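> Input: one structure, supplied below.
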Amino acid sequence: MDTKTIILGTAGHIDHGKTALVKALTGIDTDRLKEEKERGITIELGFANLFLPSGQQVGVVDVPGHERFVKNMVAGAMGMDIVILVVAADEGIMPQTTEHLEICRLLGVKKGLVVLTKKDLVEKEWLEMVTEEVSDFVSGTFLEDAPLIAVSSVTGDGLDELLSVLEEMVSEVEPKAPVGPYRLPVDRVFTMKGFGTVVTGTSISGQIRLGDEVSIYPKGKTARIRGIQIHGKEAQEAHPGMRTALNLQGIDTEDVTRGEVIATPGSLHASYLLDLNFLYLAGAGRPLRHRSPVRFHVGTAEVMGRLLLQSDELVPGSEAYVQIMLKQPVAVLSGDHYVIRSYSPIRTIGGGRILHHIPRRRKRTRPALWTELDILAKGGPADIIGYLLERAGVRGLSKS
C-alpha cells in the first residue's frame, strides 16, 4: 500500500456544499464549533481522514467559504497537494469561488479538480449550462484541463466517480522528501488534560521525532516533543505533508499562538522586512500606491505591513519586485509562497513568492539594488549561491 502523505483541500463559496461533501466522502463532520453548528457555516479549518479504495490515506482540509473568514482559508490552502474547487450547481460561480481559486494559484497549488455539488436540486439542462459556465471560468488556470464531476452529497450520486478520480490523481503526486529544517506553521493551540500544550498544523519540511528539541518562532522559545500524532494516531516522527499534532513539553499555551512556526532550533529568523516577487491581480481594480497598508498572509500568520514599491504605483495585472515592511516579525524562508489582501475593504489583491527573508533595505533611488532580485527570481542555484556569498562577505552564510 502507498504510504506517501497527501493533503486534499476544499475551496469555494459559502454554502456551496464543501463540508457536506467532505462528510459524504469521509463520514466526518468538520464543523466542530458550536457557532458553526448554529449558523450552518464553516468558520475555522476542519480536518478529516479519507481512505481511498486502495487503502491510501489522505488528509482532508475543509476551508471556510464566507468572505469574513478568507484568512482562515489562506491558512488551509497552504500545503495542499490537490484542491477540490466546489461549485454549487444551483448557484454557479460566486465571489469566493473566484477569490479562492486566485488564492490557490498564488500559493502554488498545481493540481486539482472541480466538483459541482447539489446536482439533485437542478434539472439536467441547468446542470449542463452550469458545467459550461464553470469550464469557461477555469479556462487559462491550473484547472483548465482538470476533471469536472457533478455529485450529490445527499443521494451519493457521483461519489464513486469522484473517489475513482481522486485515486488516480493521488497516485500522480510525488512523495515529499524530508529535506531542510523541520517546520510546522501552527493553526491551533490547546491544552489536553494530563498532557499539557498541544499544537496542530501541517508539517511543510524536514522531519521531527519524539524527544527532539524545537523552537517556537519568531519568539525563539524552546520546547521538547513529548508526543506526536499523525491524522489522529500516535507516531514516532512527522514528515512533510502530514497533518500533525505535537505535544510540547516545557512551554505553556500562552507562549505559542496561531501563526507562529514550530521549527528546528537555529533554522529561522524573525523577519520584519522581506523581498517579494509580487503579482498584482488584474481584478484588483485600481493602482497600488507606494507604502500602501496591506495584510500579509504566509503560512498560518496574518501580519499588517506596508508595501514598498520601486515606483509611485503599480497597475493591476502587473508583476514586480517589491519589499514589505511588517509591523510584527514572521518566520519564513526564501521560496515560501504568500498572499496579500488589501487593508480596507478586505480582499485578495495579489501574492507570489518570497525572494529573500533577510534582505537589505532597497531604496528607490538605487535601481541596482532592485536588479539584484533578478538573480534570486530567475537565476540557477549557482547564481543564487554566488550572490549570497558575495553579499555575505567575510561574515559567511548562516544555516537559514
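No lab work stands behind these numbers, since they all come straight from the coordinates. Here the structure is a predicted model, which is why all the values come from computation and not from measurement. Cβ atoms come from the backbone with ideal geometry, glycine included; neighbour counts cover every protein chain shown.
> Subtracting the Cα-Cα distance from 0.36 nm times the residue separation, let me have the gained length for SER344 to LYS327 in nm, one decimal. Don't jump to the answer; show the numbers that get you there.
Details: separation 17, 0.36 × 17 = 6.12 nm, distance 1.68 nm.
Going from the current span to full extension adds 4.4 nm.
> Step through the table entries LYS327/LYS378; LYS193/LYS221; LYS23/LYS193; LYS221/LYS327, compare each Cα-Cα distance with 26 Å, and write down the pairs that go over it.
Values: LYS327/LYS378 29 Å; LYS193/LYS221 23 Å; LYS23/LYS193 28 Å; LYS221/LYS327 20 Å.
With Cα atoms farther than 26 Å apart: LYS327/LYS378; LYS23/LYS193.
> What number comes out for the charge environment of MET80, summing +1 per Lys or Arg and -1 per Asp or Glu over other residues with Cβ under 13 Å away? Kindly include the intermediate steps, with their values, before the conclusion.
Numbers: positive: ARG105, LYS110, LYS111, LYS176, ARG243; negative: ASP62, ASP81.
Overall, the nearby charge balance is +3.
> Identify which of MET192, MET169, MET78 has the largest mean-square fluctuation in a Gaussian network model of the chain, with springs joining Cα atoms closer than 10 Å.
Looking only at MET192, MET169, MET78, the largest GNM fluctuation is found for MET192.
> Counting alpha carbon pairs within less than 8 Å and at least 6 residues apart, what relative contact order, in whole percent, applies to the chain? Numbers along the way, then the final one.
Details: 919 pairs, mean separation 49.3, N = 400.
Once normalised by length, the contact order is 12 percent.
> Can you tell me how much longer the chain between PHE51 and ARG286 gets when fully stretched, taken as 0.36 nm per residue apart minus their C-alpha distance, in nm with one decimal? Kindly include the intermediate steps, with their values, before the conclusion.
Numbers: separation 235, 0.36 × 235 = 84.60 nm, distance 4.58 nm.
Going from the current span to full extension adds 80.0 nm.
> Report relative contact order for region 183-263 in percent, whole number only (criteria: Cα-Cα under 8 Å, sequence separation at least 6). Let's see the in-between values first.
Working: 205 pairs, mean separation 32.3, N = 81.
Result for region 183-263 is 40 percent.
> Using 0.36 nm per residue, how much length does the chain from GLU213 to LYS71 gain when fully extended, once their Cα-Cα distance is taken away?
48.1 nm
> Something else now. For a Förster distance of 30 Å, can you work out the FRET efficiency between the beta-carbons of GLN249 and ALA177, rounded to the nearest 0.05?
Details: r = 28 Å, r/R0 = 0.94.
The pair GLN249/ALA177 has a calculated efficiency of 0.60.
> Can you give the charge dipole size of the chain about its Cα centre, rounded to the nearest 20 debye, using +1 on the beta carbon of Lys and Arg and -1 on the beta carbon of Asp and Glu?
2480 debye
> Another question, then. Which residue fluctuates the most in the chain, going by a Gaussian network model with Cα springs under 10 Å, if the choices are GLU174, GLU302, GLU213?
GLU174
> Something else about it: Evaluate the distance, in nm, between pseudo-label points positioned 7 Å from the Cα of LYS111 and of GLU123 along their respective Cα→Cβ axes.
The modelled label-to-label distance comes out at 4.0 nm.
> Using packing as a proxy for protection, rank 13-24, 313-324 so that the peptide with the highest average count of other Cβ atoms within 10 Å comes first. Working shown, then result.
On the way: 13-24: 22.9, 313-324: 17.8.
Order by mean packing, descending: 13-24, 313-324.
> Continuing with the same structure: Rank-order 199-205, 134-140, 86-92 by packing density, defined as the average count of other C-beta atoms within 10 Å over each peptide's residues, highest first.
Numbers: 199-205: 24.4, 134-140: 14.6, 86-92: 22.3.
Going from most to least packed, we get 199-205, 86-92, 134-140.
> Once you have a ≥ b ≥ c as the square roots of the Cα gyration tensor eigenvalues for region 183-263, tell me rounded if a/c is under 1.5, and otherwise prolate or oblate according to whether a/b is larger than b/c.
Here region 183-263 falls in the rounded category.
> Measure off 7 Å from each Cα along the Cα-to-Cβ vector at PHE190 and ILE375, then give the distance between these two points in nanometres to one decimal.
About 4.8 nm separates the two model spin labels.
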